[in-house]
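Student: Starting off with a structure, shown below.
The values are calculated or read from the model by the stated rules, or taken from the named source; none is laboratory data. Since the structure is predicted, the reported quantities are computational estimates derived from the model, not experimental observations. Backbone-built Cβ (ideal geometry, glycine too); neighbour counts: all protein chains shown. Side chains included, ligands, DNA and RNA excluded: accessible areas come from the protein's heavy atoms. Shrake-Rupley method; radii C 1.70, N 1.55, O 1.52, S 1.80 Å.
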Amino acid sequence: MPDSGHDKIVEAAHRLAQGRLVAFPTETVYGLGADAENPAAVARIYAAKKRPANHPVIVHLAPDTDPGYWVTAISPVARKLMAAFWPGPLTLILPRAPHIPDVVSGGQDSVGLRCPSHPVAQTLLHVFAALNPHGCGGVAAPSANQFGQVSPTRAEHVRREFPDLDAQALMILEGGDSEVGIESTILDVSRLKHGVPPTLLRPGGISALQLAEVLGALPAQPDAAAPRVSGSLKAHYAPHTPVSLMSVQALASWPGIAGQRVAACVLGCVPGAAPAGVDWVVLPTDPAVYAHRLYALLRELDESGYDRIVLQEPPDGPAWQGVNDRIHRAAAAFEE
Ligand code: TXA
Ligand code: MG
């Protein structure tokens, strides 16, 4: 499917301005969008996703929109990060301006901002911002999936996540396969003036090492007072088929599971002859290519009727942090 054309994107921006929902592609995953300053519209996102209402959503801005409208102040560190990584897969948590509705921040005094690089998202956000009297409008958008499920990386995934919403209730813009394939990195820089260093709330498309190049040090790990992130629930991002993780050594002598059909996803090459009932699925050894394919693959395997998905544990290390985070949470959803 080609990307949605300009007329369709303009229609989508008008729908957003009317308080309606629009799903749109980003370079990370598809988002389920609503006017971030319209609490009734944002409430529609929560209802469609069956997501608890106290979970904050990310506000998406066009590259030419002033983020200053949304926050009390942009620190020099935040400015450097924006200059280095926007547009792109980095969400910054910043101190929320008092006029921004509670509903986007789950009642916290911060707001998550992100400027996506996907051209369809950028056009949508640009046209939408201009429809707003103050010209700085932003679109609140969590990933366009049911709460706790795998994020969509194609428009057709979004349609399948919301079977009850027809094209009138939910317009879905087309933008091909999401390039990054896992959600944005979330970095909290809302508490710098209280002495709390930049804190990594969710690893993702931008690695901790890339952040360190700009920050001069690796970001801190979250403390108890860090802003809440629903994607940091231990069990999240899970397909319907049970998922477990296994080392390559264990896979090499693994007998399979009697009576079960298993898809065993291995890195680079198969570890030996496939045990009875097991299909090897070979995944790329490059973490960026792996991330790009991961969610679409989990959906395909879900639809192929396997009893279990086994994932070979990827290496540790910063380049794999985003992938490791997602697959550990997917497996945690099935732990007793
Ligand atoms: O790549 C992405 O970030 C995608 C695309 C659509 O932009 N969006 C996404 O949204 O993954 P969602 O809602 O599925 O995950 C956003 C995470 C949530 O865990 C939420 O708790 C956190 O961002 N978040 C948003 N605003 C926040 C805030 N003010 N403080 C702390 N966490 C926040
Ligand atoms: Mg999500």
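Student: Can you tell me how the stretch 125-189 classifies by the Cα gyration tensor, rounded, prolate or oblate, using a/c under 1.5 as the rounded cut?
Tutor: Because a/c hits 1.5 or more and a/b fails to exceed b/c, the stretch 125-189 counts as oblate.
Student: Could you give the angle, 0 to 90 degrees to the nearest 10, between helix 321-332's Cα long axis and the longest principal axis of the Cα atoms of the chain?
Tutor: Between helix and principal axis, roughly 70 degrees.
Student: Quick one: angle between helix 39-49 and the longest Cα principal axis of the chain, in degrees between 0 and 90, rounded to 10, please.
Tutor: 10
Student: What percent do you get for the relative contact order of the stretch 243-332 when only Cα pairs under 8 Å and 6+ apart count?
Tutor: Working: 119 pairs, mean separation 35.2, N = 90.
After rounding, I find 39 percent.
Student: Now, a different point. Compute the Cα gyration tensor for the stretch 243-332, then decide on rounded, prolate or oblate, letting a ≥ b ≥ c be the square roots of its eigenvalues: rounded whenever a/c is under 1.5, prolate when a/b is larger than b/c in the other cases, and oblate in all that remain.
Tutor: Numbers: a/c = 1.79, a/b = 1.39, b/c = 1.29.
Prolate shape, in that a/c is at least 1.5 and a/b is the bigger ratio.
Student: Share of antiparallel DSSP beta bridges in the stretch 238-336, in percent to the nearest 5?
Tutor: Numbers: 0 of 14 bridges.
Bridges in the stretch 238-336 that DSSP calls antiparallel: roughly 0 percent.
Student: To continue, here is another question. Using a 10 angstrom cutoff on alpha carbons, build the Gaussian network for the chain and name the most mobile of Ala252, Ala208, Ala264.
Tutor: Per the Cα network of the chain with a 10 Å cutoff, Ala252 tops the list.
Student: List, largest first, the extents of the alpha carbons of the stretch 178-302 along their principal axes, each in whole Å.
Tutor: 59, 28, 26
Student: Simple spin-label model, 7 Å along Cα-to-Cβ: Ser75 to His6 in nm?
Tutor: 4.1
Student: Checking a compactness column here: for the chain, what do you get for Rg(Cα) / (2.2 N^0.38 Å), N being the number of residues?
Tutor: 1.00
Student: Multiply the residue gap between Ala47 and Asp66 by 0.36 nm, knock off their C-alpha separation, and tell me the result in nm, one decimal place.
Tutor: Length gained, Ala47 through Asp66: 3.9 nm.
Student: Still on this model: Please work out the FRET efficiency for the pair Asp177 and Thr285, using the Cβ-Cβ distance as r and a Förster radius of 22 Å; give the result to the nearest 0.05.
Tutor: My answer for the efficiency is 0.65.
Student: Something else: If you roll a 1.4 Å probe over the stretch 243-332 with all protein chains in place, what percent of the accessible area is carbon or sulfur?
Tutor: 54
Student: What percent does the relative contact order of the chain come to when contacts are Cα pairs within less than 8 Å and at least six residues apart?
Tutor: Values: 731 pairs, mean separation 65.4, N = 336.
Relative contact order comes out at 19 percent.
Student: Could I have the simple spin-label model distance between Asp316 and Ala225, label points 7 Å from Cα toward Cβ, reported in nm to one decimal?
Tutor: 3.0
Student: Between rounded, prolate and oblate, where does the stretch 20-170 land on the alpha carbon gyration tensor, with a ≥ b ≥ c its root eigenvalues, rounded for a/c under 1.5, else prolate if a/b exceeds b/c? Walk me through the numbers before you get to the answer.
Tutor: Numbers: a/c = 1.63, a/b = 1.42, b/c = 1.16.
Because a/c hits 1.5 or more and a/b exceeds b/c, the stretch 20-170 counts as prolate.
Student: Ignoring ligands, DNA and RNA, what percent of the 1.4 Å accessible area of the stretch 4-93 is carbon and sulfur?
Tutor: Looking at the stretch 4-93 in its full context, I get 58 percent from C and S.
Student: When Lys and Arg each count +1 and Asp and Glu each count -1, what net charge do the other residues less than 14 Å away from Gly305, Cβ to Cβ, add up to?
Tutor: That sum, taken over residues with Cβ under 14 Å, equals -2.
Student: Now for a separate question. In nm, what is the difference between 0.36 nm times the number of residues separating Ala84 and Glu303 and their Cα-Cα distance?
Tutor: 74.9 nm
Student: Over the stretch 1-45, calculate the relative contact order: mean separation of alpha carbon pairs under 8 Å at least 6 apart, over the residue count, as a percent.
Tutor: 28
Student: Considering only protein heavy atoms, what per residue accessible area in square angstrom results for the chain with a 1.4 angstrom probe? Display every interim value, and only then the final one.
Tutor: Working: 13690 Å² over 336 residues.
Result: 41 Å² of accessible area for each residue.
Student: If you don't mind, there's one more thing I want to ask. Heavy atoms only, 1.4 Å probe, whole protein assembly: order Glu303, Glu183 by accessible area, highest first. Show your work: numbers first, answer last.
Tutor: Numbers: Glu303 125, Glu183 5 Å².
Largest to smallest exposure gives the sequence Glu303, Glu183.
Student: While we're on this one: Along the Cα-to-C-beta direction of Asp102, a point sits 7 Å from the Cα; which residues of the stretch 1-39 have their amide N less than 20 Å from that point?
Tutor: Counting backbone N atoms under 20 Å from the label point, the list is 35-39.
Student: Ok, one more. Relative to the first principal axis of the alpha-carbon coordinates of the chain, what is the inclination of helix 6-17, with its axis defined by its Cα atoms, in degrees from 0 to 90 and to the nearest 10?
Tutor: Helix 6-17 and the main axis of the chain meet at about 70 degrees.
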